[in-house]
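Worksheet: the structure to be examined is printed underneath.
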Amino acid sequence: MFVRRKMNNAYNISDFSAHLFWDTNKEELDFDLHSAQIIQQVLEYGLMSDWLLLQNIYSPQKIKETVLKLRDLDKVTLNYLAYYYNIEKSAFRCYKQSQLSQNFWNS
């Protein structure tokens, strides 16, 4: 299992809530290689403690760069991140994607 060390603290994927990575082999998750997956799972399904842990593992710049590139985020998470980072929602890739796709059920 990959362990990230930061400021004399060791983090591993099992420090996050157990429900976050139920569909993934935790032994294969790498904080560098799978950063987008880890960040997205924590943001959409994590607890506040997971969000705080994520901020200890990744720099604010890394999280910001990653979320801007994600193809899909739920509306609540998108609104929170836009407010938190003081960024227009239109700067997020997921927002642009949602504007392009038709919603046949609500039209």
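Each value in this text was obtained by applying a stated rule to the coordinates, not by laboratory testing. In this text the structure is predicted, and so the values were computed from the model without any measurement. Cβ placement follows ideal geometry from the backbone for every residue including glycine, while neighbour counts extend to all protein chains displayed.
Using the number of other C-beta atoms within 10 angstrom as an exposure proxy, rank K69, K89 with the fewest first. Spell out each step's value before the answer.
Working: K69 10, K89 16.
The most exposed by this proxy come first: K69, K89.
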- Using a simple spin-label model with points 7 Å from Cα along the Cα→Cβ vector, what separation in nm is obtained for N86 and N25? 4.4
- Message: Given points 7 Å out from each Cα along the Cα-Cβ axis, report the L52 to D74 separation in nanometres with one decimal.
- Response: 2.2
- Message: I want to check the label-to-label distance for K96 and A18. Put each point 7 Å from Cα in the C-beta direction and report it in nm to one decimal.
- Response: 4.1
